[in-house]
1. Name the residues in the range 226-246 that are assigned to a strand (DSSP E or B) and crowded, with 17+ Cβ neighbours inside 10 Å, would you?
2. Considering each residue of the range 290-314, count those that are in contact with a Lys or Arg (Cβ under 9 Å, 6 or more places away or on another chain) and in a helix (DSSP H, G or I), and give that number.
3. Conditions first: (1) modelled with pLDDT of 95 or more; (2) under 25 Å from Phe221 (Cα atoms). Val416 passes all but one, so which condition is the exception?
4. Quick one: which strands (runs of 3 or more DSSP E) lie wholly within the range 330-370 and hold at least 2 residues that are closer than 29 Å to Pro104 by Cα?
5. Looking at (1) closer than 19 Å to Lys282 by Cα; (2) touching a helix residue (DSSP H, G or I) at 6+ places or on another chain (Cβ under 8 Å), which one does Leu365 not meet, given that it meets all the others?
6. Is it the case, given these coordinates, that Lys140 is among the basic types (Lys, Arg) and farther than 30 Å from Leu227 by Cα?
7. Go through the range 184-225 and report how many residues are crowded, with 17+ Cβ neighbours inside 10 Å and either without any contact (Cβ under 8 Å) to a residue 24 or more places away in the chain or in the same structural domain as Ala286 (by TED's automatic domain parsing) (or both).
Amino acid sequence: MVPLSYAPPLPPPQSRPNPSPSHKPKPQPCVLLFPAALRTAAAAAAISFSLLAGNAAAVAPVEQPPEICRGQDDGREVEVKAEAVTNEQLVEEAWEVVNEGFLPDAGSRPWSPELWMQRKQDILQGSIKSRSRAHDIITKMLASLGDPYTRFLSSSDFSKMSKYDMTGIGLNLREIPDDNGSLRLVVLGLILDGPAHSAGVRQGDELMSVNGIDVRGKSAFDVSSMLQGPKETFVTIKVKHGNCGPVESMKVQRQMAARTPIFYRLEKRDNENSSVGYIHIKEFNAVAKKDLVSALKRLQNSGASYFVLDLRDNLGGLVQAGIEIAKLFLNKGDTVIYTTGRDRQVQNTIVADSGPLVTTPVMVLVNNRTASASEIVASALHDNCKAVLVGERTFGKGLIQSVFELHDGSGIVVTVGKYVTPNHKDINGDGIEPDYRRLPDLNEARDYLMRCQSKKLN
C-alpha cells in the first residue's frame, strides 16, 4: 500500500546531530494515530463494493510521484522521493492486507494466521526476478484462499475503480470519533494523482468544510455527496493537515463524475385507477441516493400512489449507497443489516436514523442477477414489511469486499466482511426467495404487507 506520510525520514542514527543548546532537533510533525486494526486500511483507499468480474491481467509497474511532506515548524513543503518497492515487498504488502482483514469464512479452504504465515515464508524463500512475476505470485496467492471475490487488479483495472469514487475528487473518508464523542472526517485514502491528491490533500488530513459548510459531525456518506458535482467544476474544501497541523483552504477541480443509475417514469396499470411510480436502479454508486430522492419526490408530486423498484440485473455497487437507499423506506430504528468481520469497524448493526421518505406500498422486482447491495435493499424493505418481492430468487452474495491500492499502482480486492438480513438470514450462496412470481395488484400487495406487519408486532 502506498503510504502518504507527513514526517520526512530521519537521517541514519550515526548521522543524527547530538542535541545541544545551539542545535536542537526539530519537533516531529503531529500525525494521526490509527488503531492497530485500521493501520492496513489507513494506508490504502478502501472502498466497499460488490464484484462479479473475473481476474485481471498483470501489467508493468507504474512509477510513483514524489511524496509531499509538511514540517510542523514552518509549514513549508519538502519533497521526499518515495522509495521504490521491491518485488518481494510488493508480494508481502498484498500478503499483509489479507493477514489483517480477510474474512476466513469467505474462502472454500481452511485459513488461519499460522497457515497464512507459512504461505508467505514459502513464497519469499527465493528472489522474485520481475514485476510481472510478482503479480503472478500475488494472483496465485489470493486464488489459494478459495474465495472467488478476493483477487488481484492490474494498475489499469485498479484505475477503473474510480467509478466507485464516492466524492468525485478521489478521496475516501472515514468517520473518527474525537475525545468528546463527536465525529471527525479523516482522509483514509486517496487516488494517487487524483484531484484531491494533486491539490495537496494527504492521508490523515481532517476535512473541515465543503463550500463553506462545516461538515464536522456529518456522516462520511452525506459529505461525499456534498463533494460530488459536474465534471470539471470546482469545489472548495478546508482541511487540517495531520492531527495538529495547519488549516488550508483549497479549490479542487472535479475530474470524475458518476453517471446517474436512476431511470423512472409514471405509469398506469391495466384495471387500476391509481398511478405507479416505476424506478429502475442500474447500480449503486455515489449519486444513486441523491438521484433516487429526486425521482421519488417528482413521482409523488405527479400522483404516484405506490412504487415499483426494479433491481433486476443490478449486481450491486457501493454497499454504503445500498444501505442509505434502504433507509429512505424504513421507520426510524428499523434494522437495515447486520455486518460482521475481523476488523471491529466491519462489526455493526445498521439501523435507520430517521423516518421514511415514502410510506406508500413498494414492490421490488428481483431476479437471479440481483446481487450484493441490491440484496441489502431488497431484504431490508422485505423484512421490515415495507415491500413485497416479485420475480426470481436473487443471486445470494452476502459478502463485502474492499479495494486496496498497492505500492506500484496495482491493487487487490479482499473480502473483509459479510452481512445477514434483518431477519437474521444468511443469504450468501442461497439468495432471497420472492413473495410473488408476477406483479400483484395494489390491493393484494397492501394486504400482504398488513399481514406482515401484524405478524411482526406479535
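1. Answer for the range 226-246, where residues must be assigned to a strand (DSSP E or B) and crowded, with 17+ Cβ neighbours inside 10 Å: Val235, Ile237, Lys238, Val239, Lys240.
2. Selection size over the range 290-314: 1.
3. (1)
4. Numbers: elements: 335-340, 348-351, 362-366.
Here the list reads 335-340, 348-351.
5. For Leu365, the exception is condition (2).
6. Numbers: among the basic types (Lys, Arg): yes; farther than 30 Å from Leu227 by Cα: yes.
Yes, satisfied.
7. 1
Okay, residues lined up against (1) touching a Phe, Trp or Tyr at 6+ places or on another chain (Cβ under 8 Å); (2) within 27 Å of Leu153 (Cα to Cα); (3) surrounded by fewer than 23 Cβ atoms within 10 Å (Cβ to Cβ):
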residue	(1), (2), (3)
Ser372	yes, yes, no
Glu375	yes, yes, no
Leu381	yes, no, no
Cys385	no, no, yes
Glu392	no, no, yes
Gly398	yes, yes, no
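The values are calculated or read from the model by the stated rules, or taken from the named source; none is laboratory data. Remember, it's a predicted structure, so these values are computed and weren't measured experimentally. Cβ sites come from the backbone with ideal geometry, for glycine too, and all protein chains shown count toward neighbours.
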